[in-house]
Each structure stands twice: as structure tokens, then as C-alpha cells.
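Written below as C-alpha cells is the structure these notes are about.
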Amino acid sequence: LLALREVIQANGDLTMLHLGSDLTNLGVNLNLGDPLYTTVTSTVTEPCQLPIEPEYRLPPCYLMQPAPPAQQKMSVFSEETLFYIFYAMPQDVLQDAAAQELYTRSWRYHKELRLWLTKDSTAPEPVQKTATHERGRYVLFDPTAWQRVTKDMVIAYEALEER
């Protein structure tokens with residue numbers, strides 16, 4: 001303690017560091033029953049309580065709206081694009097969306113031939129039509145040759161994929 005006394009007497013600036021200060025002179029009520037740590041803060045150890053919002057401007061590229069999902073654009077695609085989506089994206093949501101759009105455009109999927117077909121609009125009505133099948137001229141899309149082929153054939157309704 002003698003060494004502390006000598007330091008205090010030699011340097012008056014260090015007096016406050018070594019001895020401290022009276023908290024009642026600083027306006028702290030010591031007669032409260034609550035702990036002092038909830039009312040006293042330190043500028044060194046306590047983080048700032050106010051949230052600081054930095055100034056910034058959002059770049060315009062972040063304000064752009066994302067493109068709509070491809071399922072919503074199926075109606076504008078050509079039939080060749082729909083065939084590509086159907087055959088190139090197996091077991092995908094887009095394959096199902098392409099199949100639904102082809103069905104909307106009067107194409108039907110033949111389960112046994114694994115081809116899409118539609119009635120030939122230039123040909124007359126089916127030659128023979130029953131409850132189970134019909135005979136007529138059809139346009140088939142051949143995915144191996146990637147072209148449409150016109151063919152006279154008999155189509156059994158049970159061989160066509162239902163919607």
C-alpha cells in the first residue's frame with residue numbers, strides 16, 4: 001500500500017485510476033435493492049444499444065423481377081420445342097408441362113409406339129370409327145428422325161395416354 005500511496009502523490013492523473021471515484025457524486029443511487037449492473041454501462045465493454053443503419057443504395061439489378069416459371073410460358077413455345085422438352089427432360093416437371101400443352105394442342109401420346117400423334121387436318125374424317133378404335137390418317141412425331149410423318153393407321157383408344 002505504501003507504493004500505491006507514493007504513486008498517487010507523485011502523479012495526480014493516476015489518482016482516479018487507483019482509488020476510483022465516488023459513484024454517488026456521479027449520480028448513481030446506491031440505496032436501490034436492484035443490482036447496479038443493469039443501470040450502469042461502460043463505453044469500453046458494452047456494445048452500442050442503438051441499431052446503426054448504414055447508408056446505402058440498392059443497385060438496380062437487385063430490383064429486377066425474376067422471370068416467370070417455364071410452365072407459364074408453355075403456350076408460347078412451338079411444337080418442336082415442346083417435343084424437345086418432353087423427350088430431353090424425362091421425369092421432370094417441365095416434361096409434364098410440355099405433355100399437357102401438347103395435349104391441349106390436340107396431340108395424343110401413343111403408349112405402345114411411344115410417339116405423339118394427331119389427326120391430319122388435311123385428310124377427311126376417320127374412315128372407320130368405333131367405340132374402341134378409329135382408322136384414319138394421322139401425323140406422328142418421330143423423335144429419332146425429328147420430323148413429322150403422315151401415316152394411315154388404326155388407333156385403339158386404350159393405347160392412347162389419358163390426360
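The values are calculated or read from the model by the stated rules, or taken from the named source; none is laboratory data. None of the values given here were measured: they were computed from a predicted structure. Here the Cβ positions follow ideal geometry from the backbone for every residue, glycine too, while neighbour counts run over all protein chains shown.
Against the condition modelled with pLDDT of 75 or more and under 30 Å from Leu102 (Cβ atoms), how does Pro35 come out, does it pass?
no
When the residues of segment 114-152 are filtered to those that are surrounded by 14 or more Cβ atoms within 10 Å (Cβ to Cβ) and among the aliphatic types (A, V, I, L, M), which remaining residue is farthest from the chain's Cα centre (by Cα)?
My answer is Ala123.
For Val149, are the conditions met, namely being at pLDDT 95 or above and over 25 Å from Lys73 (Cα atoms)?
Yes, satisfied.
Considering every residue within segment 54-73, establish whether at least one is without any contact (Cβ under 8 Å) to a residue 12 or more places away in the chain, within 29 Å of Val149 (Cα to Cα) and not in a helix (DSSP H, G or I).
Within segment 54-73, none of the residues are without any contact (Cβ under 8 Å) to a residue 12 or more places away in the chain, within 29 Å of Val149 (Cα to Cα) and not in a helix (DSSP H, G or I).
Residues that are over 22 Å from Gln71 (Cβ atoms) and without any contact (Cβ under 8 Å) to a residue 12 or more places away in the chain: list the strands (runs of 3 or more DSSP E) wholly contained in segment 91-163 that include at least 1 such residues.
Result: 147-156.
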